[in-house]
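K.L.:
So that we are looking at the same thing, I have put the structure below in structure tokens.
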Amino acid sequence: MAHKHLAMEKPRAGRAATIHWLWVSCLLLGANLSSAEVLSPYTARYSTTAMGLGMTLNRQLTVDEAGKYTLTNEGSVFVASLKERSHFSIADGHIRAQDFKYQLKGIVNRKRAVEFLKDQGKIRSLRKKQWTEHEWQPDILDRLSQQEQLRLALLGADKPPKTLSFRVIDGPRVKVRTLAFVGKKTVSVEAGNFETWQYEQVRDDDQRTSNIWVAPALNFLMIKTVHDEDGSVIDIELKDSSLLPRDTK
């Protein structure tokens, strides 16, 4: 992924890992696109490390005949497991979120959920066992669908946008997040070497940095993500994907 989302709110390293598992799912919004633009379904596997532990994240995007997309992200390591799922559609070149579920099991159990109830004019969001309600607005995203909104935004761009902003719901708050274009860079990961566009999440402090690299040749699939909080670094890199050309697999 990408960009600026396992344990109780205790040690700093544990908090950094929690932030990252949430942030991995996430990152970014977009610009205007033709309604003819669609997202290509795919599967992808990512390797990630946190606190010295390795984990494989399995991501899959599917779409049915009615145009309903399902994005899933799953991984496990020892006694911990992560599962999240987002349903959405695309209208006027933007993702229209429908529902989101997130579950972390292990030493600490966590749940997140969002219900986008357009017919009722509201959005319900679960965080820390508390549901809150918000006015329904079409551009609000959940944590997981943000990654696909980034792809949509960049698919419709003839050059790297200098900034990308989006709104994502998180419990009682709807947060505005902004990514700034850093530059073009060749990145080497297990899946191969890729020409990428790098974006960094804009923050109001210097204790955290979050960067994401996406590959134009793979429909702007996330190639690499790095989150650094007070020296605690969490790295995610592409292992393989159905979007890779056959001769590179």
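Each reported figure results from applying straightforward, stated rules to the coordinates on display, with no laboratory input. It should be emphasised that the depicted structure is a prediction, and the values quoted were computed from it without experimental measurement. We place every Cβ from the backbone using ideal geometry, glycine too, and count neighbours over all the protein chains shown.
K.L.:
What is the spin-label model distance, in nm, from Gln103 to Thr49 if the labels are put 7 Å beyond Cα along the C-beta direction?
P.N.:
Taking the two extended label points, one gets 3.1 nm.
K.L.:
Further, regarding this structure: Using 0.36 nm per residue of separation minus the Cα-Cα distance, give me the extension gain between Phe78 and Asp204 in nm, one decimal.
P.N.:
Contour length minus the Cα-Cα distance gives 41.8 nm.
K.L.:
Quick check for me: using +1 on Lys/Arg Cβ and -1 on Asp/Glu Cβ, what's the dipole size of segment 33-118 about its Cα centre, in debye to the nearest 20?
P.N.:
For segment 33-118, the charge dipole is close to 440 debye.
K.L.:
Moving on. Does segment 12-244 come out rounded, prolate or oblate by the C-alpha gyration tensor, with a ≥ b ≥ c the root eigenvalues, rounded set by a/c under 1.5 and, if not, prolate when a/b is larger than b/c and oblate if not?
P.N.:
rounded
K.L.:
Mind ordering 75-84, 214-223 by average Cβ neighbours within 10 Å, highest first?
P.N.:
Peptide ranking by packing, descending: 214-223, 75-84.
K.L.:
Only Cα pairs under 8 Å and at least 6 apart count here; give the relative contact order of segment 58-105 as a rounded whole percent.
P.N.:
29 percent
K.L.:
Here's another thing I want to ask about it. If I stretch the segment between Ala113 and Glu133 completely, what's the gain in nm (0.36 nm per residue apart, minus their alpha carbon distance), one decimal?
P.N.:
Going from the current span to full extension adds 6.0 nm.
K.L.:
Moving on to the next point. Based on the Cβ-Cβ distance from Lys162 to Glu65, what FRET efficiency comes out when R0 is 45 Å, to the nearest 0.05?
P.N.:
My answer for the efficiency is 0.75.
K.L.:
Can you pick out the pairs among Lys111/Lys239; Lys118/Lys239; Lys129/Lys185; Lys118/Lys159; Lys68/Lys105 whose Cα atoms lie more than 32 Å from each other?
P.N.:
Listed pairs above 32 Å: Lys118/Lys239; Lys129/Lys185; Lys118/Lys159.
K.L.:
Sticking with this structure for a sec: Note down the relative contact order for segment 150-225 as a percent, whole number, built from C-alpha pairs under 8 angstrom at least six residues apart.
P.N.:
22 percent
K.L.:
Counting alpha carbon pairs within less than 8 Å and at least 6 residues apart, what relative contact order, in whole percent, applies to segment 12-244?
P.N.:
20 percent
K.L.:
Counting other beta carbons within 10 Å of each residue's own, what order do His227, His94 fall into, fewest first?
P.N.:
His94, His227
K.L.:
Taking the Cβ-Cβ separation of Asp240 and Val182 as r and a Förster radius of 25 Å, what is the calculated FRET efficiency to the nearest 0.05?
P.N.:
0.45
K.L.:
Given the peptides 39-48, 141-150, 173-182, arrange them by the average over their residues of other C-beta atoms within 10 Å, most packed first.
P.N.:
The peptides rank, most packed first, as 141-150, 39-48, 173-182.
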